[in-house]
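To start, the structure under review is shown below, and the notes come after it.
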Amino acid sequence: MLRKWIGAINDDNRNIRERILVLMASIAMVTMLVVLLLGYIIGENAADIITIAATLVIFLLIAYFSIKYDRLDIGGKIAGCLIVFVVLPVTFITGGGLYGGAPLWVLFCTVFIALVITGRFAAFLLISDAVIMAAAYAYTYTHPELVEERSKTTIYADSLVSLIIACGLVILMIRYQMRIYDSEAEKSKKRQDEIKALNDSQNRFFSGMSHEIRTPINTIIGLNEMILREEISPEVAMDAQNIQAASKMLLHTINDILDMSKIESGQMRLAPVTYKTGDMLSDIVNMIWKSSQDKGLIFTVNVTPDLPSELRGDDMRIKQILINVLNNAVKYTKEGSVSLSIDCEKKSNNEVKVIYSISDTGMGIKKENIPYLFTAFKRVDEDKNRFIEGTGLGLSIVKQLVDIMNGRITVNSVYTKGSTFIIEIPQQIVSDGVIGQYDIGMSQSTGKYKDKYAVSFVAPEASVLVVDDNSSNRIVISKLLRDTRIQVDVAESGAKALAKTLEKKYDIILMDHMMPEMDGIECMHKIRTQAGGYNKESIIVALTANVGTDLKQMYEREGFDGYLIKPISGKELEAAVSGMLPKELVTRMDNDSDVVDSSMEWLVYREKKRPVAITTESVADLPKSLVEKYNIAILPHKVRTGDGIFMDGEEIETRGLLAYMANLENRAETSAPSVEEHEEFFARQLETASNIIHISISGEVRNSGYHAALEAAKAFDNVSVVDTGHLSSGQGIMTLEACRMAADGYDVSEIIERMEEIRGKVRTSFVLDNLDYMARAGQLSSAAARFIRAFMIHPVVALIKGEMKVRNIYMGTRKQTWKKYIESVLNGLALIDKEMVFVTYVGLTGKDLEYIGQILKENAEFENVYFVKASPAIAVNCGPGTFGILYRLKD
């Protein structure tokens with residue numbers, strides 16, 4: 001029995017409350033035994049001793065039967081009732097009332113009940129305890145004669161013993177509970193680590209399996225395509241076509257398994273890009289029409305004319321969704337038709353909900369099976385569909401991809417009549433153009449097994465290096481490019497590739513990733529920095545069996561100019577290579593504008609990336625001419641008025657804002673872009689640049705965008721954020737310096753180091769007409785603003801250690817103040833860099849600017865003087881009549 005009792009304390013299968021109950025019951029019984037002995041020694045009341053002894057016996061019986069019949073919950077409730085209704089009131093009265101140890105035991109028992117008993121019964125006991133003890137206090141107060149008088153020694157001894165034991169028990173109870181919680185937390189963490197390790201192991205297995213299977217499939221598909229290019233008999237052509245179809249089916253299955261693994265482990269990531277909707281639809285049609293022809297089905301595509309011609313989203317995943325559903329429609333339709341219809345609903349100026357409807361005249365879906373359509377590995381109506389190939393993963397992947405895109409998929413189906421899948425996906429609108437009329441119809445094929453191959457271009461003067469440790473892959477790529485007459489060299493390792501790049505200039509290098517000794521990434525970096533090498537600026541493309549959006553992004557971050565997936569068809573390879581070669585080397589052999597697969601659209605159509613791009617915010621107050629000269633990407637701040645939220649400098653301009661603010665009842669607030677807006681901005685810029693340095697407004701000023709930019713940059717390995725410690729054109733001066741350095745070929749670390757150097761040399765200050773606008777913006781009190789205006793005080797504010805502070809004040813007319821301000825800021829002229837100065841202003845007239853320019857010229861000769869109207873986000877805090885002289889000191 002004792003062993004079973006101890007086992008209950010350490011039993012991990014029991015809940016924490018039961019284990020605490022057993023422990024506390026054990027300690028309570030031992031304590032009652034100790035109290036019984038001490039009570040006898042110090043001469044406690046006989047009734048008190050009898051009560052404790054009887055309670056001890058009852059507790060022992062409760063414990064025995066609770067453990068024997070494994071009903072600790074009932075035992076705990078009985079013990080709780082015994083304590084509340086018998087032990088506490090009796091011992092309170094017989095143990096000296098207020099002058100005994102009972103009050104301490106009331107506290108202990110209350111904690112005990114709260115910890116080990118749950119639900120309404122615990123509430124009942126606690127309320128009963130409070131009521132009964134209140135009654136006991138009242139009773140002993142009104143009838144003090146019923147409380148036995150005790151000696152001073154007994155009172156103090158009883159109180160001390162009760163205090164020590166009760167405190168010890170509470171500490172022990174809390175410590176034990178903490179130990180159990182710590183143990184459970186450790187077990188939970190261990191389980192999480194095991195699950196993570198299992199997921200990582202599973203992902204490594206699937207990734208490795210995908211890579212290992214893709215490599216031989218690349219050889220099979222590539223060499224099989226070469227067979228189809230030859231003059232062969234119809235029977236051989238049919239066999240080759242079947243090999244091609246089977247290989248693609250295997251590849252499709254591998255992709256499904258890999259995607260499912262990523263989705264289940266939470267590693268599926270979207271890669272939004274700008275894409276042409278017509279091109280994407282052409283890709284889908286080209287993939288589906290032949291399979292529908294082979295089954296004698298009519299395949300039609302109908303597109304609403306007002307569908308935007310350019311959208312932003314993950315077009316690769318959208319194609320995967322649509323192709324999966326269309327393939328199912330073709331697969332489960334014996335006769336009739338399959339159709340794809342595209343409609344759209346404009347949600348805002350820059351967002352549209354695209355609605356794809358896929359209908360078929362197939363067997364339909366039973367109503368009771370529709371809830372299971374999107375369950376992985378589940379195939380509905382197995383009896384009818386057992387001869388149809390498939391893993392049962394397709395629609396499950398579709399559903400989860402749609403959910404990731406914040407979309408929705410619904411199904412309408414009549415069994416034996418057909419089905420319609422409706423997929424709604426929100427997308428960003430890139431341009432105002434629409435697709436117009438787009439209607440495609442396909443009918444049954446003529447039954448040819450072989451399409452005549454025709455080379456799309458020739459480039460006899462071009463040279464390509466293929467680097468791959470697998471000889472079959474080298475043979476396949478060489479043969480697929482044979483008819484283009486490109487000079488193809490091969491290297492079986494990174495070391496051999498480096499030897500060749502020392503000897504010859506290549507237009508394109510196709511680089512495998514997974515190679516022994518030196519992998520493709522290391523080899524690419526060594527080519528880029530190779531002393532005496534001819535290929536530092538050559539286009540280097542990752543041609544690999546590793547797949548995944550995260551890998552594509554990784555290759556881009558590492559500096560590859562493109563990413564192609566094995567296996568690759570001759571048509572895809574030709575389209576990719578022709579798009580990357582210098583145009584003067586390429587002679588096109590046809591007028592076909594083939595659309596390259598989404599996995600390499602970015603490779604074919606983009607210009608070569610800039611090594612470093614400089615970006616900043618609209619509050620940098622740079623002239624448009626300089627923004628265009630240095631191709632600076634500007635992220636707008638926002639201005640919130642009673643009429644809505646407007647993009648700074650794009651949807652609202654300074655003059656209109658000042659006119660709005662002329663009404664004293666109107667208010668306007670500025671806000672920086674959010675973390676998500678920064679992330680989208682950086683992602684767009686990384687499409688044309690390998691690295692980004694974002695020149696941000698001071699992190700210390702109100703509504704700064706620096707902190708959001710810094711948080712957003714954590715999602716990118718090649719985005720750096722610089723806190724200028726300035727705003728307005730002071731921030732702009734640092735931006736221009738960074739742009740000049742980037743244009744001169746300086747790397748990221750050198751530019752950032754330079755920004756740190758000149759931060760303290762830039763001078764940013766403004767003289768304000770008054771402080772009314774700052775008061776309306778909540779930056780100071782209205783009373784202070786009224787005082788400033790009443791005494792014709794014109795404050796000068798400056799950026800000091802990143803914070804805007806009042807540096808000086810002038811009294812007098814506007815022109816008197818302006819003259820004093822200009823003379824003051826240009827004091828120490830010998831230290832000022834005379835290359836440029838910015839006069840950034842708010843609400844000044846042409847005559848005002850002429851006067852300021854005249855005073856400026858009288859005090860200093862600058863090579864370039866830029867008069868810049870402050871952005872609305874700056875103007876809303878300063879008000880009309882404000883201007884600043886912004887420059888930097890010499891090195």
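The values are calculated or read from the model by the stated rules, or taken from the named source; none is laboratory data. Here the structure is a predicted model, which is why all the values come from computation and not from measurement. All Cβ positions, glycine included, derive from the backbone under ideal geometry; neighbour counts span all protein chains shown. Each accessible area value is taken on the protein alone, full model and side chains, heavy atoms only, with ligands, DNA and RNA left out. Shrake-Rupley method; radii C 1.70, N 1.55, O 1.52, S 1.80 Å.
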Under the rule rounded for a/c under 1.5, else prolate if a/b exceeds b/c, else oblate, using alpha carbon gyration tensor axes a ≥ b ≥ c, the range 730-873 is classed as prolate
Residues whose built amide H sits under 5 Å from the amide H of ILE809, excluding neighbours closer than 5 in sequence, are VAL796
Karplus ³J(HN,Hα) for the range 557-568 (6.51 cos²θ - 1.76 cosθ + 1.60, θ = phi - 60°; Hz, whole; x = Gly/Pro) runs 4, 5, x, 5, 8, x, 8, 10, 9, 8, x, 10
Distance in Å, no decimals, from the C-alpha centre of the range 837-891 to the one of the range 787-833 is 13 Å
Sorted by chain and number, the residues with a modelled amide H under 5 Å from that of ARG667, at a separation of 5 or more or across chains, are GLY642
Among LYS187/LYS399; LYS500/LYS571; LYS399/LYS638, the pairs whose Cα-Cα distance exceeds 30 Å are LYS187/LYS399; LYS399/LYS638
With all protein chains in place and a 1.4 Å probe, TYR99 shows an accessible area in Å² (nearest 10) of 150 Å²
Once all protein chains are kept in place, LYS500 shows an accessible area at probe 1.4 Å, nearest 10 Å², of 60 Å²
Most packed first (mean Cβ within 10 Å per residue), the peptides 171-182, 737-748 order as 737-748, 171-182
With x for Gly and Pro, the residue-by-residue ³J(HN,Hα) of the range 311-322, computed from phi through the Karplus equation 6.51 cos²θ - 1.76 cosθ + 1.60 at θ = phi - 60° and given in whole Hz, is 10, 10, x, 8, 5, 4, 6, 5, 4, 4, 4, 5
Checking rank on 281-287, 700-706, with mean other Cβ inside 10 Å and highest first, the result is 700-706, 281-287
Beyond 18 Å (Cα-Cα) in this structure, taken from LYS834/LYS890; LYS761/LYS869; LYS834/LYS857, we find LYS761/LYS869
In Å³ per residue, the alpha-carbon convex hull of the range 485-556 encloses 97 Å³
The long-range amide H neighbours of ARG610, using H built 1.01 Å from N in the peptide plane and a cut-off of under 5 Å, are ALA689, SER690
With 0.36 nm assigned to each residue of separation and the Cα-Cα distance removed, GLU861 to ILE422 gains 151.2 nm
Given pairs LYS536/LYS583; LYS479/LYS536; LYS583/LYS629; LYS334/LYS366 and cut-off 24 Å on Cα-Cα distance, the over-length ones are LYS479/LYS536; LYS583/LYS629
HN-Hα couplings for the range 169-174 via Karplus (6.51, -1.76, 1.60; θ = phi - 60°), in whole Hz with x for Gly/Pro, come out as 5, 4, 4, 4, 5, 5
Given 73-79, 750-756, the highest-first ranking by average Cβ count within 10 Å works out to 73-79, 750-756
For the pair LEU849 and MET811, the simple spin-label estimate (label points 7 Å beyond Cα toward Cβ) gives in nm 3.3 nm
